[in-house]
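Engineer: The structure that follows is given in the form of structure tokens.
The values are calculated or read from the model by the stated rules, or taken from the named source; none is laboratory data. On a predicted model such as this, the values are computed, not experimentally measured, just so you know. Neighbour counts are summed over all protein chains in view; Cβ atoms, including those assigned to glycine, are modelled from backbone coordinates with ideal geometry. Areas reflect the complete protein model, heavy atoms only, side chains present, ligands, DNA and RNA absent. Shrake-Rupley method; radii C 1.70, N 1.55, O 1.52, S 1.80 Å.
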Amino acid sequence: MKKKNVLFLVIAVLILIGLIISSSLTTADIDPEKYSPAVYSTVGSLLPPVIAIVLALITKEVYSSLFIGILSGAILYANGNLELMLNTMMFNEEGGMVYKLADSWNVGILIFLVILGIMVALMNKVGGSAAFGQWASTHIKTRVGTQLATMCLGILIFVDDYFNCLTVGSVMRPVTDRHNISRAKLAYLIDATAAPVCIIAPVSSWAAAVTSSVPDGSDINGFTMFLNTIPYNLYALTTLLMIIVITAKKIDFGPMALHEKNALAGDLFTTEGRPFGNADEEPTSPNGKVCDLVLPIIILIVFCIMGMVYTGGFFDGVSFVSAFADADASTGLVIGSVITLIITFCYYMVRGVISFKEFTECIPEGFKAMVAPILILSMAWTLSGMTGLLGAKFFVHDLVASSAGALSMFLPAIIFAVAAFLAFATGTSWGTFAILIPIVCNVFAGGDTQEMLVISIAACLSGAVAGDHCSPISDTTIMASAGAHCDHVNHVSTQIPYALTVAVVSVIGYVIAGIIGYTTESALALIATPITFVLLFVAVSVMKKREA
């Protein structure tokens with residue numbers, strides 16, 4: 001029996017024994033209004049996601065690792081009561097799997113995923129992807145050019161991270177395959193231009209999430225705050241620089257170096273994992289043209305933007321910026337993708353490149369292609385719900401609040417580290433914003449501390465993206481794996497060394513920014529940004545020498 005199977009068997013037996021013993025010791029009469037788990041708002045509240053993440057990295061198996069994390073969270077919440085544990089895991093209104101899957105926002109994201117899967121299947125069926133790949137092979141002739149083109153496309157699609165991941169993946173995957181770029185490297189390029197781009201794009205679903213997280217009555221407007229944080233968002237800016245540096249200098253380190261070496265020899269995957277089966281080998285029409293891919297993508301971008309501002313009230317007289325700030329990203333993406341699917345179908349029928357029967361065949365094919373990310377997302381949402389039930393946000397609130405005062409000048413670096421850990425453990429950047437931004441605003445409420453407030457909010461956003469970038473249970477990370485058709489654990493294990501390198505130099509940058517901002521209360525703290533860039537060059541050079 002394999003070691004990882006033995007590990008799972010031992011864990012399962014221990015959990016079962018613990019449940020039997022503890023359920024016999026706990027009373028069945030529980031008052032819901034007075035009930036509280038023993039680990040509520042303690043460091044133990046972060047145990048379930050830590051268990052899931054560690055198991056996923058050790059065993060390379062993400063589904064059962066997430067399930068064990070959910071199960072451990074339910075056990076902790078139920079204080080060992082078997083009946084309460086089962087009800088919590090499945091039916092709790094704030095964190096149970098049934099209610100997470102019934103949540104309208106979550107369902108909207110799943111529908112959006114399925115529609116994009118159908119769109120990709122359609123574009124492959126009519127030969128649009130193949131035609132674009134052939135066109136790109138004549139215009140993009142080097143591996144460096146291909147990687148930079150992937151980055152540029154990721155930057156151009158700045159509206160939403162989910163949209164970014166799947167669109168960039170479907171467009172660039174045939175091109176990167178032609179140039180023997182590993183699927184793990186493609187997944188990294190997608191992920192590194194998803195959240196890091198959205199968090200510095202004024203017109204994006206992320207900007208709306210940040211704006212809405214600034215509490216009412218604050219000294220500064222939420223959207224203005226977001227704009228002011230952009231030059232201080234060290235992790236996002238440095239991540240984009242990281243792509244340019246490692247691509248131009250042809251540097252790879254950590255597990256990614258092995259994946260890229262194998263890709264040059266013809267093995268794009270390195271491991272046996274093929275989560276999307278033969279999806280890349282579907283027969284395509286020889287009549288496909290580049291416009292069969294490009295036009296639907298452009299339509300998708302336009303109508304997703306229109307759908308988002310529609311939900312924010314743009315067509316009722318609200319300004320474009322305000323509409324984006326108040327937009328419902330899930331609803332807007334569903335509206336935009338449904339309209340795009342209809343238009344694309346009509347366009348392909350007029351072109352005569354697909355029949356109605358072939359179109360209907362693409363619907364289940366698109367759904368099947370998205371089964372893996374849907375499963376992972378569903379369990380990741382439930383795991384996040386379990387963490388919420390255990391009061392993790394209150395533990396983090398107290399941790400950050402206690403760091404103020406004597407450590408004020410180091411508070412941006414502390415906030416970055418806390419945000420990164422919280423996003424890593426819970427798999428959500430937006431949840432991290434919602435927890436930490438009000439705390440930071442309260443810490444710096446009043447007084448001549450506006451520059452430190454901006455730096456600290458930027459550190460919060462930057463840290464949340466860093467943690468999200470590293471987390472195996474992050475929805476954006478999951479989407480990047482789906483977009484690249486890459487084994488999820490491969491993506492996570494190859495990306496972490498790159499993300500951690502950027503995170504470390506970002507922490508140093510926030511120490512510098514905090515000291516300058518605290519002592520001068522001026523924009524001189526912006527000098528921390530170019531210093532962080534220089535530190536990245538040094539760090540990458542060191543990594544290159546170690547790999548040599």
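Engineer: Scan Met386, Met349 and give me the residue that is within 30 Å of Gly69 (Cα to Cα), at pLDDT 85 or above and in a helix (DSSP H, G or I).
Structural biologist: Every option except Met386 fails the conditions.
Engineer: Answer with yes or no whether Ile527 is assigned to a helix (DSSP H, G or I), of a type in the set (A, V, I, L, M) and more than 28 Å from the chain's Cα centre (by Cα).
Structural biologist: In short, yes.
Engineer: Scan the stretch 342-357 residue by residue and report those that are more than 33 Å from the chain's Cα centre (by Cα) and surrounded by 13 or more Cβ atoms within 10 Å (Cβ to Cβ).
Structural biologist: The answer is Met349, Arg351, Val353, Ile354.
Engineer: Search the stretch 62-73 for residues that are at pLDDT 85 or above and pair each with any residue that is part of a helix (DSSP H, G or I) and open to solvent by 20 Å² or more (accessible area, probe 1.4 Å) when their beta-carbon atoms are under 7 Å apart and the residues are at least 6 apart or on different chains.
Structural biologist: Phe67/Met379; Ile68/Ile11; Ile68/Ile51; Gly69/Ile51; Ile70/Met379; Leu71/Ile15; Ser72/Leu47; Ser72/Ile51
Engineer: Can you confirm whether the stretch 491-498 contains a residue that is assigned to a helix (DSSP H, G or I), under 12 Å from Gly427 (Cβ atoms) and open to solvent by 10 Å² or more (accessible area, probe 1.4 Å)?
Structural biologist: No, the conditions are met nowhere in the stretch 491-498.
Engineer: Of (1) over 23 Å from Ser429 (Cα atoms); (2) β-branched (Val, Ile, Thr); (3) crowded, with 20+ Cβ neighbours inside 10 Å, Thr520 satisfies all except one. Which?
Structural biologist: Answer for Thr520: the failing condition is (3).
Engineer: Restricting the stretch 317-346 to residues that are closer than 30 Å to Gly127 by Cβ and aliphatic (A, V, I, L, M), which is modelled with the lowest pLDDT?
Structural biologist: Taking the candidates together, the pick is Leu333.
Engineer: Picking from Ile243, Ile297, which residue would you name as being buried (at least 16 other Cβ atoms within 10 Å of the Cβ), modelled with pLDDT under 95 and in a helix (DSSP H, G or I)?
Structural biologist: From the options Ile243, Ile297, the qualifying one is Ile297.
Engineer: Could you run through the stretch 305-322 and say how many residues are in contact with an Asp or Glu (Cβ under 7 Å, 6 or more places away or on another chain) and either acidic (Asp, Glu) or part of a helix (DSSP H, G or I) (or both)?
Structural biologist: 1
Engineer: If you go through the stretch 84-140 one residue at a time, how many are among the aliphatic types (A, V, I, L, M) and in contact with a Cys (Cβ under 8 Å, 6 or more places away or on another chain)?
Structural biologist: Qualifying residue count, the stretch 84-140: 3.
Engineer: Further question: Can you name the condition, by its number, that Val203 falls short on among (1) under 23 Å from the mean Cα position of the chain (by Cα); (2) modelled with pLDDT of 80 or more; (3) open to solvent by 10 Å² or more (accessible area, probe 1.4 Å); (4) among the aliphatic types (A, V, I, L, M)?
Structural biologist: Condition (2) is where Val203 drops out.
Engineer: Quick one: how many residues across the stretch 323-341 are part of a helix (DSSP H, G or I) and open to solvent by 50 Å² or more (accessible area, probe 1.4 Å)?
Structural biologist: 4
Yes/no matrix, rows are residues, columns are (1) modelled with pLDDT of 90 or more; (2) touching a Phe, Trp or Tyr at 6+ places or on another chain (Cβ under 8 Å); (3) charged (D, E, K, R):
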position: Thr229; (1), (2), (3): yes, no, no
position: Tyr232; (1), (2), (3): yes, no, no
position: Asp252; (1), (2), (3): yes, no, yes
position: Lys261; (1), (2), (3): yes, no, yes
position: Arg274; (1), (2), (3): no, no, yes
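Engineer: A further question on this structure: Among all residue pairs at least 6 apart or on different chains, which show Cβ distances below 7 Å where the first residue, located in the stretch 114-142, is under 18 Å from Arg351 (Cβ atoms) and the second is open to solvent by less than 30 Å² (accessible area, probe 1.4 Å) and among the charged types (D, E, K, R)?
Structural biologist: Met123/Asp292; Val126/Asp292; Gly127/Asp292; Gly128/Asp292; Ala131/Asp292
Engineer: Sort through Gly483, Gly427, Gly447 and tell me the only one that's at pLDDT below 85 and open to solvent by less than 10 Å² (accessible area, probe 1.4 Å).
Structural biologist: So the residue among Gly483, Gly427, Gly447 that is at pLDDT below 85 and open to solvent by less than 10 Å² (accessible area, probe 1.4 Å) is Gly427.
Engineer: Now a separate question. Out of all the residues in the stretch 154-198, which are assigned to a helix (DSSP H, G or I), open to solvent by 30 Å² or more (accessible area, probe 1.4 Å) and modelled with pLDDT under 85?
Structural biologist: Residues satisfying the conditions are Leu156, Pro174.
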